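Asks: Take a look at this one; I'll ask things after.
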Amino acid sequence: MIEKWNEYFLYKNGELFCENVSLKEIAEEVGTPFYVYSKKAILDKINEYKKAFSEIDTLICYAAKANPNLSILKIIKEEGLGADIVSGGELFKARKAGISAKKIVYAGVGKTDFELDYAIREEILAFNVESKEELIVLNEIAEKRKKKARIAIRVNPDVDPKTHPYISTGLKKSKFGIDKDEAIDAYKFAKSLKNIEIVGIHCHIGSQIMDVSPYKEAIEKVLQLVEKLKKEGIELSHIDIGGGLGIRYKPEDNPPKPKQLSDLIVPLIKNTGLKLILEPGRSLIGEAGALVSKVLFTKNKKEKHFIIVDTGMNDLMRPSIYNAYHHILAIKPKDKKIVADIVGPICETGDFLALDREIDDLKRRDLLAIMSAGAYGASMSSNYNVRPRACEVLVYGDKFKVIKEREDYHYLIKPEEKALEGEV
Ligand code: LLP
């Protein structure tokens, strides 16, 4: 039996705890399923990043898409970080949490007029622009508002981050960014626009990156562009290298640490005079979180043993859509181990959390924790099959707090209810 998953999720007297709080006790109080996050894990990671990059002027913009819970964003704000956003909704939440607009960068291939206008009014640090057409629209809206929109062009460096194809974003064939061969043109065009102010350059090569070498390749390519731009009289003040550092999903995984990334890339950036922006999401919050669930039933078929739990692809989509591995721990481990599929209640064959997994011989009402679920867990959840979203809990030391209430049936029908009175 393992004694701990990491420093934050560990067994005490044969039971899994988050920091100093028993997960069983939280389950008794808030019910299952629930997401639980260790505040200490988040703080430690933030400090690890800050320390690793202390040698150069760096702004860490947390990728809100990983987990945009307001209380998480509040921690981000209190630690002085900024945010990387991809929608008006994320901007709203980041501002609500008190994150300064001066520390917000905004990426995404499909920003609406409303969203562009909103971010212009907020005077964010930079739009990470993904097409020439976006530049035109941004300029028009900024003109109407009598403001200047600060921009960085998202350059597609055509580097393979060696990760899952769905989360590789820096390849030529991907929809993201502007090809590096066309970037100079895009910058010249941006320079010609009156209400655009060029401030930086951006790239993001992918997510769950387990080998840092592609970063070096990407940054070298981007810095070549920075040199070319200088010759064209276009001076930048920052380089934003996106997010992407991987985390530990399997016990044997050994993801790179922020220090490994800084050792590799700080020397490249140090003498350029550019400020560095980082956009980590998963690596800040992923390992800080788990999804706790309860066994509803077990079912022995000829071919397989099934453990049916009260959470599934509605709460954690990653196994279903990326075939992602999440380690699963029994809250109270059993001596007997079995091989089983751990599946959810959703009416889809693809609704599984683990397939053919060696696991404790869990029975009805036993609790289990699906690990490394802090990033892209709650944020990608849905109400499929009309299931209320799970509640979210933040643990710090020996205390815990509900940071998102469990949705209920009334909440779910609210946006549809009024129409029942109408005629059609
Ligand atoms: N910056 C940009 C422009 C991004 O597109 C992303 C993630 C990040 C930063 C943060 O990347 P991170 O540090 O979290 O790797 N749903 C997928 C991950 C999608 C990532 C999308 N972009 C998953 O569950 O694996």
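The values are calculated or read from the model by the stated rules, or taken from the named source; none is laboratory data. The structure displayed is predicted, hence computed values, not measured ones. In this analysis, Cβ positions are derived from the backbone assuming ideal geometry, glycine residues included, and neighbour counts consider all displayed protein chains. In case anyone asks, the SASA skips ligands and DNA or RNA and just uses the protein heavy atoms, side chains included. Shrake-Rupley method; radii C 1.70, N 1.55, O 1.52, S 1.80 Å.
Asks: When the helices in the chain are scored as -39500 (n - 2.57) per DSSP H run of 4 or longer and the sum is shared across all residues, what 222 nm value do you end up with, to the nearest 500 deg cm²/dmol?
Replies: Values: 12 runs with 124 residues, N = 424.
Helices in the chain give a 222 nm mean residue ellipticity of -8500 deg cm²/dmol.
Asks: Tell me the angle of helix 132-144 to the major Cα principal axis of the chain, expressed in degrees between 0 and 90 and rounded to the nearest ten.
Replies: For 132-144 against the chain, the angle is about 80 degrees.
Asks: Also: Kirkwood hydrodynamic radius, the range 39-279, all distinct C-alpha pairs: what's the number in Å? Could the numbers behind the result be given before it?
Replies: Details: mean 1/r = 0.0556 Å⁻¹.
Hydrodynamic radius (Kirkwood, Cα only) of the range 39-279 equals 18.0 Å.
Asks: Next question. Quote the charge dipole size of the chain about the Cα centre in Debye, to the nearest 20; the model charges only the Cβ of Lys and Arg (+1) and of Asp and Glu (-1). Don't skip to the answer; put the middle values down first.
Replies: On the way: 68 positive and 65 negative charges, 100 e Å.
Using only the charged Cβ atoms, the result is roughly 480 debye.
Asks: How much accessible surface does T58 have with a 1.4 Å probe, in Å² rounded to 10?
Replies: The value for T58 is about 40 Å².
Asks: Using only Cα atoms, tell me the angle between helix 258-269 and the longest principal axis of the chain; keep it within 0 to 90° and round to the nearest 10.
Replies: With both axes taken from Cα atoms, the answer is about 10 degrees.
Asks: What is the total of Lys pairs in the range 68-116 with C-alpha atoms under 13 Å apart, excluding same-chain pairs fewer than 8 positions apart? The partial results should precede the final answer.
Replies: Numbers: K74/K93; K74/K96; K77/K93; K77/K96; K77/K102; K77/K103.
The result is 6.
Asks: For the residue pair N271 and K304, what label-to-label distance in nm results when each label sits 7 Å from Cα along the Cα-to-beta-carbon direction?
Replies: Distance between label points: 5.8 nm.
Asks: State the Cα centre-to-centre distance between the range 61-87 and the range 242-317 in whole Å.
Replies: First find each Cα centre; the distance between them is then 16 Å.
Asks: Can you give the charge dipole size of the range 126-238 about its Cα centre, rounded to the nearest 20 debye, using +1 on the beta carbon of Lys and Arg and -1 on the beta carbon of Asp and Glu? Before the final figure, lay out each step's value.
Replies: Values: 21 positive and 18 negative charges, 97 e Å.
With Lys and Arg at +1 and Asp and Glu at -1, about 460 debye.
Asks: In whole Hz and in residue order, list the ³J(HN,Hα) couplings for the range 179-189 that follow from phi through the Karplus curve 6.51 cos²θ - 1.76 cosθ + 1.60, θ = phi - 60°; x for Gly and Pro.
Replies: Going residue by residue, I get 4, 4, 5, 9, 5, 4, 4, 4, 5, 4, 5 Hz, with x marking Gly and Pro.
Asks: How far is helix 113-122 tilted off the main Cα axis of the chain, in degrees rounded to 10, range 0 to 90?
Replies: Between helix and principal axis, roughly 80 degrees.
Asks: N13 label point, 7 Å along Cα→Cβ, cut-off 12 Å on backbone N: hits in the range 389-409?
Replies: none
Asks: While we're looking at this one, here's another question. Out of I75, V129, L59, whose Cα points farthest toward the positive end of the dipole of the range 38-188 (charges: +1 Lys, Arg; -1 Asp, Glu; placed on Cβ)?
Replies: Among I75, V129, L59, the one farthest towards the positive end of the dipole of the range 38-188 is I75.
Asks: How about the range 107-197: which GluC sites (Glu not before Pro) there lie in a loop by DSSP and see at most 13 other Cβ atoms within 10 Å?
Replies: When the GluC sites (Glu not before Pro) of the range 107-197 are filtered for loop state and at most 13 Cβ neighbours within 10 Å, nothing remains.
Asks: Once you sort the root eigenvalues of the Cα gyration tensor of the range 1-133 as a ≥ b ≥ c, which label holds: rounded (a/c under 1.5), prolate (a/b larger than b/c) or oblate (the other case)?
Replies: Working: a/c = 2.88, a/b = 1.90, b/c = 1.51.
In terms of gyration-tensor shape, prolate.
Asks: For the chain, what are the per-bin percents of Cα-Cα distances with bins 10 Å wide, up to the bin holding the maximum?
Replies: Cα pair-distance distribution for the chain, in percent: 4, 21, 29, 23, 15, 6, 1, 0.
Asks: Tell me, what ³J(HN,Hα) does each residue in the range 208-214 have, in order and in whole Hz, if you take phi through Karplus 6.51 cos²θ - 1.76 cosθ + 1.60 with θ = phi - 60° and put x for Gly and Pro?
Replies: Whole-Hz 3J(HN,Hα) from phi for the range 208-214: 6, 8, 9, 9, 6, 4, x.
Asks: Give the residue list of GluC sites (Glu not before Pro) in the range 300-361 that are DSSP loop and have at most 11 other beta-carbon atoms within 10 angstrom.
Replies: Working: sites: E303, E348, E358; in loops: E303, E348.
In loop regions of the range 300-361 (DSSP not H, G, I, E or B), the sparsely surrounded GluC sites (Glu not before Pro) are E303.
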